[in-house]
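For reference, the structure discussed in these notes is given below.
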Amino acid sequence: MTVGIQRMAAYVPQYALRMTELAAARGVPAEKMTRGLGVQEMAIAAPCEDVVTLAASAGARLLRTVEIDPARIGMLLVATETGVDHAKPVSIFVHELLGIGPRCRVYELKHACYASTAALMAAADWVRAGGIRSRHALVIASDIARYTIGSPAEPTQGAGAVAMLIGPEPQVLSLGEETGTHASNVYDFWRPLDRREAIVDGKHSVECYLDALADAFAAYRALERPALEPDESLSDRLARLLYHTPFPKMAAKAHRRLLETDWRAARARWEAVEPRFEELAEASYREQVLPALGAVARIGNAYTASLYLALADLLEAEGRVLGGRRLGLFSYGSGCCAEFFTGVVPPQVGRASDSGVAAALATRTFVGVDEYERMLRAGESGGEPPAGFAGEFVFTGVRGDRRVYARPRALAA
């Protein structure tokens, strides 16, 4: 049964900070951020936004685009590592804001940045299990990455959300059934219950990411191998490769490891390419990976939404060119769990590839370092939206231990 992503819609906060300004304020060379990490800008959520409003804004835009009755959504999954309550899931707030009917399976998924792929796979299996019944699931990845002002991780902040309608008639990406997974208990990135900012062991996290990638891809390749031609290259099998991207340079490191894993699996091939590995790896990176990094370089790390913001951006730019071709995707969540899987872009992708990423980036407001620090310290304090607010919903604050949300126009009235 063919199952996949029928449509996508993204929401990116309207405020952003240029890395050149942050570097100047922190007294470090701009190249350390713009070239060393590959980050150009980072999105900043306003104090009246939280992970719920980001998710609901993306979901509302998707439902309008596909013109589907919210009551037809039988499953709503929200993936996030920025939860707002230890018991109530983010998804039940989103369920109410979107007006989805009561006959719906609703829950939140958490496993660091991997949770969105866990949600996607769970939704796809649920659609397949429906047999001849036409079932639709709504999967939303939504996160706000925050670190301490002045910390080494500060340049890798960001925020965003991606909503995906999963069903039996994919117009955006038809999911392959072969996947490779990897799981192991590591402390590379974590956030204790009493902390708002995460604890990161950066070097160890990179090592964990690369080891998980190699093992997950090896597991996928073992399933793929019977159909492989002896001399078939990775670029012959996969038109583009997308990686979870906490910062763009991580995708470059990941691609080198993937190529090495793939080429070493065929000893004769590795012996042929090893002398030119650096040259061939760079050429492959530019062709297969770089086209998907434009948006994440300007948004920053959106945790669970990172991989799918890259997918949305790639298909907006190259969807028609990639019609009928297969993409490779790698999802990693600290802690850790990882998965390598593929999908085919339908030949008729057409306007379905427009998820609103480019439009959101074109209309953002850039703030200075002082305003960025004020917004970061304010956190999710709630309140009225600023003038020209672009979101569909706002977090107005906590009243009597209950979180309250509204539409901006309702506040204005």
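The values are calculated or read from the model by the stated rules, or taken from the named source; none is laboratory data. Remember, it's a predicted structure, so these values are computed and weren't measured experimentally. Cβ placement follows ideal geometry from the backbone for every residue including glycine, while neighbour counts extend to all protein chains displayed. Note: accessible area is taken over every heavy atom of the protein model, side chains too, but ligands, DNA and RNA are not part of it. Shrake-Rupley method; radii C 1.70, N 1.55, O 1.52, S 1.80 Å.
Counting only strands (runs of 3 or more DSSP E) wholly contained in the range 149-197, the ones carrying 2 or more residues that are open to solvent by 10 Å² or more (accessible area, probe 1.4 Å) occupy 173-175, 180-183. Out of the range 318-333, which residues are open to solvent by 20 Å² or more (accessible area, probe 1.4 Å) and touching a residue at least 40 places away in the same chain (Cβ under 8 Å)? Passing the criteria: 318, 325, 326.
Out of all the residues in the range 49-71, is one or more assigned to a loop (DSSP other than H, G, I, E, B) and within 22 Å of the chain's Cα centre (by Cα)?
Initial filter on the range 49-71 (assigned to a loop (DSSP other than H, G, I, E, B)): 49-50, 67-69.
Add one more test, that the residue is within 22 Å of the chain's Cα centre (by Cα), and what stays is 49-50.
Yes, there is a match, as at least one residue in the range 49-71 is assigned to a loop (DSSP other than H, G, I, E, B) and within 22 Å of the chain's Cα centre (by Cα).
Checking each residue in the range 280-308 for being touching an Asp or Glu at 6+ places or on another chain (Cβ under 7 Å) and among the hydroxyl-bearing types (Ser, Thr, Tyr) picks out 303, 304. The number of residues in the range 198-213 being open to solvent by 40 Å² or more (accessible area, probe 1.4 Å) and assigned to a loop (DSSP other than H, G, I, E, B) comes to 1.
Residue by residue, here is whether (1) under 30 Å from residue 74 (Cα atoms); (2) out of contact with any strand residue (DSSP E or B) (no Cβ under 8 Å at 6 or more places or on another chain) holds:
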site	(1), (2)
161	yes, no
168	yes, yes
175	yes, no
202	no, yes
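Quick check on the range 377-389. Is at least one of its residues open to solvent by 30 Å² or more (accessible area, probe 1.4 Å), assigned to a helix (DSSP H, G or I) and modelled with pLDDT of 85 or more? Yes, the range 377-389 has at least one match. Taking the range 73-97 as the range and being touching a helix residue (DSSP H, G or I) at 6+ places or on another chain (Cβ under 7 Å), part of a helix (DSSP H, G or I) and crowded, with 23+ Cβ neighbours inside 10 Å as the test, the residues that pass are 90, 93, 94. Scoring residue 371 on the criteria (1) outside any helix (DSSP H, G or I); (2) in contact with a Phe, Trp or Tyr (Cβ under 9 Å, 6 or more places away or on another chain); (3) of a type in the set (D, E, K, R) leaves a single failure, condition (1).
Of note, residue 97 does not satisfy the criterion of being touching a strand residue (DSSP E or B) at 6+ places or on another chain (Cβ under 9 Å), at pLDDT 95 or above and under 23 Å from residue 178 (Cα atoms).
Which one of the conditions (1) touching a strand residue (DSSP E or B) at 6+ places or on another chain (Cβ under 8 Å); (2) more than 26 Å from residue 84 (Cβ to Cβ) does residue 257 fail to meet, given that it meets all the rest? With (1) touching a strand residue (DSSP E or B) at 6+ places or on another chain (Cβ under 8 Å); (2) more than 26 Å from residue 84 (Cβ to Cβ) applied to residue 257, the lone miss is (1). When residue 162 is tested against the conditions (1) out of contact with any helix residue (DSSP H, G or I) (no Cβ under 7 Å at 6 or more places or on another chain); (2) at pLDDT 95 or above; (3) of a type in the set (A, V, I, L, M, F, W, C), the lone failure is (1).
Return yes when residue 125 is in a helix (DSSP H, G or I) and open to solvent by 40 Å² or more (accessible area, probe 1.4 Å) and no when it is not. When the stated conditions are applied, residue 125 passes them. Of all residues being more than 16 Å from residue 170 (Cα to Cα) and touching a strand residue (DSSP E or B) at 6+ places or on another chain (Cβ under 6 Å) in the range 342-370, which is surrounded by the most Cβ atoms within 10 Å (Cβ to Cβ)? Just the residue, please. Among them, the one singled out is 357. Picking from residues in the range 390-413 that are in a loop (DSSP other than H, G, I, E, B) and more than 28 Å from residue 86 (Cα to Cα), the one that is most open to solvent (accessible area, probe 1.4 Å) is 413. Being free of Cβ contacts under 8 Å to residues at least 12 places away in the same chain and within 26 Å of residue 113 (Cα to Cα), is that true of even one residue in the range 281-303? Checked against the condition, which is being free of Cβ contacts under 8 Å to residues at least 12 places away in the same chain and within 26 Å of residue 113 (Cα to Cα), the range 281-303 yields at least one hit.
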